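Please read the structure below before turning to the comments.
The values are calculated or read from the model by the stated rules, or taken from the named source; none is laboratory data. Fair warning: this is a prediction, and the values are worked out from it, not measured in the lab. When we count neighbours, we look across all protein chains shown, and the Cβ atoms used for this are built from the backbone with ideal geometry, even at glycine. SASA here: full protein model, heavy atoms, side chains in, ligands and nucleic acids out. Shrake-Rupley method; radii C 1.70, N 1.55, O 1.52, S 1.80 Å.
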Amino acid sequence: MEGFEIKITNSNKGKGLFATKKYDPGDIILEEDPIVSCQFAWNAAYRYLACDHCMRPLETPERNVRRLSCKSDIVLPHADCVEMNLDEATGCDDCEALYCSEFCKQQAYVTYHRSMCHDSLDALHPMTVVLEEWKQMHYPPETTNILLLIRILAYINQNSDPAAAAAKIKQFCHRTVNEDAELIHKLLGEQFAIQLNRLRELTAAVIDGDYIQDFLTPEGFCALMALVGTNGQGIGTSPLAMWVNAVSELTMSDDERKQINLYIDKLYQYVEEESGTFLNTEGSGLFELQSACNHSCSPNAESSFPYSNHRIQLKALKTIMPGDEICISYLDECMIQRSRHSRQKELAQNYLFKCWCERCTSQAADPDVTSDEDMSEDEPDDVD
Ligand SMILES: [Zn+2]
Ligand SMILES: [Zn+2]
Ligand SMILES: [Zn+2]
């Protein structure tokens, strides 16, 4: 039996994920595949070879590190500790999409790819046009992707029960029109109103159908874009990281361990010098259960991608008792260390809520100091 349920919280957070049994630190709470996921547009343009469906890397760690560091003579030790099964890789029969397996190819085709399959070299195809315009609006670091939005619409269209699929997606949209517009402003910048309308027209040229009409109106499209921006969970996969993880599990002497760790540091240094921010295959996905997880600044759970693909795993960080709400942190490692004021400002800007977690409540009496790192920003402190 599952050890959790989704229910309405008694605070103003809407839905939340609650434990129905006890979890010890390290216990796996759940694992799930996303409804849909996809690689970011710039990331894909920089030849991050990955399965078009599950984002599993399609190059060996050695090839990956050679390409990223521009050093073609690197030979990774223990290269065979990572199993890649690259000979199972296959492609769509009608376009350039690549898949890690026949399974992913079939899954993609029946879920969304049938409506989206196109020749990516055809510069005039509506799909190519919308992706190119998107890339001009949203530069790296990428946080979301128009392609994820289009896959969501295709998922509804191709579903055997499109009305139910549309209703499932609408459950994620629960903000007011103004809140949605505020999120899009943050996502796209000053020109957001014009750009949003342009994206809507281009999307409508790509995909159409009775059950997605609500999402193609100005308000519906804005809500869907905000949904993708806030509920789209970042996914990262990397052949090099797979190798580093696998090596860390090998048995070796202390001396060997020291050597290999130095070697790994050097590899990352080479890679960073050449490839900077583009180290991983990155994208985002829409997860049904995971996205019900609310934020806490002292979370009792964390999510990760242990299989080097888009399958997410939620693990307990602390002891969780039946009835406890299961929370993760929406803030990155650096931001979570900052003062209550800084954390709340970040959450208010990106997710439009005021955090009342245990940690924030216990620090409520602290003066409104912003952490040093934020001092240069000149945005008004309108959180409190
Ligand atoms: Zn795959
Ligand atoms: Zn195709
Ligand atoms: Zn908090």
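The set of residues from segment 304-331 being hydroxyl-bearing (Ser, Thr, Tyr), closer than 22 Å to residue 57 by Cα, assigned to a loop (DSSP other than H, G, I, E, B) and within 14 Å of the chain's Cα centre (by Cα) comprises just one member, 308. Whether a residue is open to solvent by less than 80 Å² (accessible area, probe 1.4 Å), within 24 Å of residue 280 (Cα to Cα), assigned by TED's automatic domain parsing to the domain that holds residue 50 and touching a Phe, Trp or Tyr at 6+ places or on another chain (Cβ under 6 Å) was assessed, and residue 146 passes this test. Inclusion of residue 67 among residues that are touching an Asp or Glu at 6+ places or on another chain (Cβ under 8 Å), of a type in the set (D, E, K, R) and over 30 Å from residue 325 (Cβ atoms) is warranted. Name the pairs: first residue in segment 357-376 and assigned by TED's automatic domain parsing to the domain that holds residue 344, second residue modelled with pLDDT under 85 and open to solvent by 40 Å² or more (accessible area, probe 1.4 Å), Cβ to Cβ under 8 Å, at least 6 apart or on different chains? Hits for this filter: 368/381; 368/384; 370/381. List pairs: first residue in segment 210-221 and within 13 Å of residue 180 (Cα to Cα), second residue open to solvent by 20 Å² or more (accessible area, probe 1.4 Å) anywhere in the structure, Cβ distance under 6 angstrom, at least six positions apart or on different chains. From segment 210-221, the pairs are 219/177; 220/214; 221/200.
Within segment 149-205, the residues that satisfy the criterion of being crowded, with 16+ Cβ neighbours inside 10 Å and outside any helix (DSSP H, G or I) are 159, 172, 173, 175.
Every test in (1) touching a strand residue (DSSP E or B) at 6+ places or on another chain (Cβ under 7 Å); (2) in a loop (DSSP other than H, G, I, E, B) is passed by residue 252 save one, and that test is (1). For segment 78-113, name all the residues that are open to solvent by 30 Å² or more (accessible area, probe 1.4 Å), more than 8 Å from ligand 2 (Cβ to nearest atom) and more than 23 Å from the chain's Cα centre (by Cα). Of everything in segment 78-113, those that are open to solvent by 30 Å² or more (accessible area, probe 1.4 Å), more than 8 Å from ligand 2 (Cβ to nearest atom) and more than 23 Å from the chain's Cα centre (by Cα) turn out to be 78, 79, 80, 81, 83, 85, 86, 87, 88, 89, 90, 102. Counting only residues that are at pLDDT 90 or above, surrounded by fewer than 20 Cβ atoms within 10 Å (Cβ to Cβ) and of a type in the set (Asp, Glu), segment 324-345 holds 1 of them.
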